[in-house]
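Following: one structure in structure tokens, then a few remarks.
The values are calculated or read from the model by the stated rules, or taken from the named source; none is laboratory data. Not measured: the values here are computed from a predicted model. As a convention, Cβ positions derive from the backbone with ideal geometry for all residues, glycine included, and neighbour counts pool all protein chains shown. All accessible areas refer to the heavy atoms of the entire protein, side chains included, with ligands and DNA or RNA removed. Shrake-Rupley method; radii C 1.70, N 1.55, O 1.52, S 1.80 Å.
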Amino acid sequence: MKKSLKIIFIVLFVLCIHNVVYGAGVGITPSSKTINIGETTNINVSVQDACGWDLTLTSAGGSLGGTTRDVDTTGVPTTKTIFTATFSANAAGVYTLNLSGAISVDDPNSPTGLTKKNIGNLVKITVLEPTPTPAPTPEPTPTPKPVTKPNPTPTPKKVTQATIQKSGNANLSNLGIEPYDFTDFTPDTTTYSVTVPYEITEVKLYATPQDTKAKVTGDGIKQLNEGENILTVTCTAENGANKTYTVTIIREAQLQIQEESKELKLENLEVVGFDLDPEFDSDTHIYNVKIENENVESLTFLAKPNYENAKIVVAGNENLKPGENKITIELLLEDSDKSIKYTIFATKPELPDYSEEVARLKQEAKDKNLLIFVLLIVLAISTGLNIAVLVDKIKSKIKLK
């Protein structure tokens, strides 16, 4: 019996001094997790390797004193206790203290060098009724010592071993994930749901039983697939009773993130060997290109869309003709109805128009032939030649138009 009491005392002592840390980089440490009505326990809040924070301590009942919030935006990694609050209560019960807010941590993959991490840590404080001081026992009135008689041989008492009842508590005192934790946990609620960005490929599922003799299975590091991920944690009580908690994690799709974050457009557009007028701008959709060489039949474009899965379709860039040619560059986003067009008007030099000059030369030739014909007829008349024979000869030599 003494050995069992010693073990129980050691377990209670370890629980009282244990520094509980919920979440990477944040600690919430009560000086005592069990107090009497009217007593006060100190709640120390600390950060580890945090570049900034905005943390607030609240309680569901009871009374908080001292500092309950601290904000820092220096951007310098810090490990220290940032504030100390006090807690007390005027009624017995179990009180939940919630540390909420966010911290910033170094992230070389982030454009700003920092990543925001939401915090939702809980700690429970048990408040007990004070143990009443027993009244002093009065001294008994002395009585005359009776005459003793020889006692008969005592009958041995039958010793019965009391049956120790095992605990059936299969409740969890805390449940959550890291990162993107949720803060609405209660032991009686067994289903939870949370959404995380596409970039989160794994989470840490943590769970703590209310009874130290209960066992938890299903916690630890969990890989996430795109879409719905159903995780379960089972708490098994000392007597074998069990309770299962379900956490559904929805990992966002990559395409959904892209469509919500930016519109479809070109990041760059160039025409090899030619200048765009005006200079390229993602939000300008109409350009002009002047082509000096009349032998150019098509243009070469270098275009970069802001989506990797965007398709580029070029139309009107073949057999360019003298004058103005309309060329379109259309972007189409796969698995989406998004599209956008850029238009380039390419102008080639016009060919010279010789039609008037050709008509003038034809008329001059016609007039010249007619004059020769008239002169020959006059000559025939003056010399007495046969006009019909002369006309046939002239027709064979000259074609009148």
Does Gly323 satisfy the condition of being on the phi > 0 side of the Ramachandran plot and open to solvent by less than 50 Å² (accessible area, probe 1.4 Å)?
yes
The one condition in (1) out of contact with any strand residue (DSSP E or B) (no Cβ under 7 Å at 6 or more places or on another chain); (2) in contact (Cβ under 8 Å) with a residue 24 or more places away in the chain; (3) on the phi < 0 side of the Ramachandran plot that Gln363 fails to fulfil
(2)
Conditions: (1) on the phi < 0 side of the Ramachandran plot; (2) out of contact with any Cys (no Cβ under 6 Å at 6 or more places or on another chain); (3) not basic (Lys, Arg). Tyr180 meets all but one. Number of the miss?
(1)
Restricted to segment 168-192, and to residues that are within 24 Å of Thr56 (Cα to Cα) and of a type in the set (Gly, Ala, Ser), which residue is least open to solvent (accessible area, probe 1.4 Å)?
Gly176
Kindly indicate the residue of segment 294-316 that is open to solvent by less than 80 Å² (accessible area, probe 1.4 Å), within 16 Å of Val272 (Cα to Cα) and without any contact (Cβ under 8 Å) to a residue 24 or more places away in the chain and also nearest to the chain's Cα centre (by Cα) among those meeting that condition.
Val314
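Kindly indicate whether Thr212 is part of a strand (DSSP E or B) and either in contact (Cβ under 8 Å) with a residue 40 or more places away in the chain or open to solvent by less than 80 Å² (accessible area, probe 1.4 Å) (or both).
In short, no.
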What residue, among those in segment 36-57 that are open to solvent by 10 Å² or more (accessible area, probe 1.4 Å) and β-branched (Val, Ile, Thr), is farthest from Asn98 (Cα to Cα)?
Ile37
Count - residues of segment 280-293 that are surrounded by fewer than 12 Cβ atoms within 10 Å (Cβ to Cβ) and assigned to a strand (DSSP E or B):
1
Assuming Tyr198 fulfils every condition listed in (1) within 22 Å of the chain's Cα centre (by Cα); (2) within 24 Å of Val123 (Cβ to Cβ); (3) surrounded by 13 or more Cβ atoms within 10 Å (Cβ to Cβ) apart from one, which condition is it?
(2)
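Residues are listed down the side, and each one gets a yes or a no for (1) over 30 Å from Pro322 (Cα atoms); (2) modelled with pLDDT of 75 or more; (3) open to solvent by 70 Å² or more (accessible area, probe 1.4 Å):
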position: Tyr354; (1), (2), (3): no, no, yes
position: Glu357; (1), (2), (3): no, yes, yes
position: Gln363; (1), (2), (3): no, yes, yes
position: Leu375; (1), (2), (3): yes, yes, yes
position: Val378; (1), (2), (3): yes, yes, yes
position: Thr383; (1), (2), (3): yes, no, yes
position: Leu390; (1), (2), (3): yes, no, no
position: Lys393; (1), (2), (3): yes, no, yes
position: Lys399; (1), (2), (3): yes, no, yes
Read through the list (1) farther than 30 Å from Ile327 by Cβ; (2) touching a residue at least 40 places away in the same chain (Cβ under 8 Å); (3) not in a strand (DSSP E or B), then give the number of the only condition that Pro187 fails.
(2)
Report, by residue number, each residue of segment 311-326 that is part of a loop (DSSP other than H, G, I, E, B) and under 25 Å from Glu267 (Cβ atoms).
Gly316, Asn317
Qualifying residues in segment 329-351 (those that are open to solvent by 30 Å² or more (accessible area, probe 1.4 Å) and touching a Gly at 6+ places or on another chain (Cβ under 8 Å)) - the one farthest from Asp277 (Cα to Cα):
Glu350
Residues Ile230, Ile329: which one is assigned to a strand (DSSP E or B) and under 30 Å from the mean Cα position of the chain (by Cα)?
Ile230
Residue count for segment 60-97, restricted to those that are in a strand (DSSP E or B), open to solvent by 40 Å² or more (accessible area, probe 1.4 Å), closer than 26 Å to Pro187 by Cα and in contact (Cβ under 8 Å) with a residue 40 or more places away in the chain
1
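This table checks each residue for (1) free of Cβ contacts under 8 Å to residues at least 60 places away in the same chain; (2) part of a strand (DSSP E or B); (3) surrounded by 15 or more Cβ atoms within 10 Å (Cβ to Cβ); (4) not basic (Lys, Arg).
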residue	(1), (2), (3), (4)
Ala207	yes, yes, yes, yes
Val216	yes, yes, yes, yes
Asn225	yes, no, no, yes
Cys235	no, yes, yes, yes
Lys243	no, yes, yes, no
Ile249	no, yes, yes, yes
